[in-house]
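Written out below as structure tokens is the structure these notes cover.
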Amino acid sequence: MPPEAAALPAARHAALPAAWRAPLAGLALGVLALVAVTAGAWGAMLHQWWNIDTYNHLLLVPFIIAWLVGLKARELAALSPQPFWPALGAVAAGLALWRAGEALGVNLLAQAGAVGAVQAAVVTVIGLRASLVLAVPLAFAAFLVPFGDEIIPPLQAITADIAIALVHFAGVPARIEGIHIHTPAGLFIVAEACSGVKFLIAMVALGVLVCATRLRRWTTRAAFIAACVIVPILANGVRAFATIYVAQFVGAERATGFDHIVYGWVFFAIVLAILLGAAWRFVEREPESHGWPPETIAGWAWLTRAEALRVSPGRAAGAIVAMAGVAALTMLL
């Protein structure tokens, strides 16, 4: 083996600050224990990410989190992790939520608890100061939880209302019964797949990412998030109307097939480009400046006092593993 190749692993190991080695090892152990105990919830999430097209965009979330953490690598290297034991309460709360979700058969609760327990474990082991530097990727991890099914019925109703209003405005005779729209070309149903939920939740996730990494003022952030909610809903109603209107001339079957292609590949891209283009002129910072910089955090007196409540990385990780073990035992009762 060439000397350069032999020296590569050692160089990579040396690149990791000594102060981070024990905490990261402890964190890996704690997270592994938590994921093992809540494996059913994580497996269900993976299934939804991969097999349900509404949630396919969530496959990108782990990579986005890794990118956000990488942007803070230099700042983190200058810090010394100081485990914060009070955050163990949040780990326990996450596990309790997971257990309640499992007992009630509510996947959303179980999955939120599983993700929340891991988020809290990070805060426990690396401490408050480092966690504040990583506040954006830690918070963004919430998007690992597939949500949106709960809002499909109201979205169907809103889409149908927008579509029928535009159909009447265009002079097409039509009547509506719930989510069923009757026209001369046939009956159109705003099905779950046509509710626009996929577009909406993807835009909300993107909106949060843009706000956290590119926008600074809260007014600008609020306006952009509002746009990421309102524009997709309105756009989906317009898309439904366009399908119904075109069907009056080419037939329902041809219009519906064209709609699936346009909405899946073109319409979404156009609306996305419009939203991002509108936000571009308000960009106020570079992505690597997201979150709180260490020099700002250094001036917070309460943080210094809170850091006095510390334990060793090994004990913090051991406590997390023990809590995971207790949670596993409750499944056997």
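What follows is calculated from the coordinates using simple rules that are stated; it is not laboratory data. Not measured: the values here are computed from a predicted model. All Cβ positions, even for glycine, are placed from backbone atoms using ideal geometry, and neighbour counts span all protein chains on display.
Taking +1 at the Cβ of each Lys and Arg and -1 at the Cβ of each Asp and Glu, which of 78, 25, 165 sits farthest along the dipole of the chain towards its positive end, judged by Cα position relative to the Cα centre?
Highest projection toward the positive end goes to 78.
Among 206, 220, 185, whose Cα projects farthest towards the positive end of the dipole of the range 140-233, with charges put on the beta-carbon of Lys, Arg (+1) and Asp, Glu (-1)?
The Cα lying farthest towards the positive end belongs to 220.
Once Cα extents along the principal axes in Å is worked out from the coordinates, which option in [x] 61, 45, 38; [y] 70, 45, 37; [z] 72, 54, 52 does it equal?
Checking each listed value against the structure points to [z].
How would the range 150-286 be classified by its alpha-carbon gyration tensor: rounded, prolate or oblate, with rounded meaning a/c under 1.5 and the a/b versus b/c comparison settling the rest? All intermediate terms of the calculation are to be shown ahead of the outcome.
Working: a/c = 2.64, a/b = 2.25, b/c = 1.17.
Judged from the Cα gyration tensor, the range 150-286 comes out prolate (a/c at least 1.5, a/b above b/c).
Between 0 and 90 degrees, rounded to the nearest ten: what's the tilt of helix 152-169 against the longest Cα principal axis of the chain?
Rounded to the nearest ten degrees, it is 30.
At 222 nm, what value in deg cm²/dmol follows for the chain if DSSP H runs of at least 4 each add -39500 (n - 2.57) and the sum is divided by all its residues, to the nearest 500?
Details: 16 runs with 232 residues, N = 333.
Result for the chain, helices only: -22500 deg cm²/dmol.
Relative contact order of the chain: what whole-number percent is it, with Cα pairs under 8 angstrom and at least 6 residues apart? Don't skip to the end; give the middle numbers.
Values: 428 pairs, mean separation 82.3, N = 333.
Result for the chain is 25 percent.
How big is the dipole moment of the chain about its Cα centre under a simple scheme where the beta carbon of each Lys and Arg is +1, that of each Asp and Glu is -1, and everything else is neutral? Debye, nearest 20, please.
Details: 19 positive and 16 negative charges, 181 e Å.
In total the dipole reaches around 880 debye.
Quick check on the exposure proxy: order 133, 204 from fewest to most C-beta atoms within 10 angstrom.
Numbers: 133 24, 204 17.
Fewest-to-most ranking of 133, 204: 204, 133.
Given +1 on the Cβ of Lys and Arg, -1 on the Cβ of Asp and Glu, and no further charges, what dipole in debye does the range 150-286 carry about its Cα centre, rounded to the nearest 20? Write out the running numbers ahead of the final one.
Numbers: 10 positive and 8 negative charges, 119 e Å.
Charge dipole of the range 150-286: 580 debye, to the nearest 20.
Taking the 0 to 90 degree range and rounding to the nearest ten, how far is the long axis of helix 61-71 tilted relative to the main principal axis of the chain, both from C-alpha atoms?
Roughly 50 degrees, rounded to the nearest 10.
Extending each Cα 7 Å along its Cβ direction at residue 67 and residue 238, get the distance between those two points in nm, one decimal.
2.6
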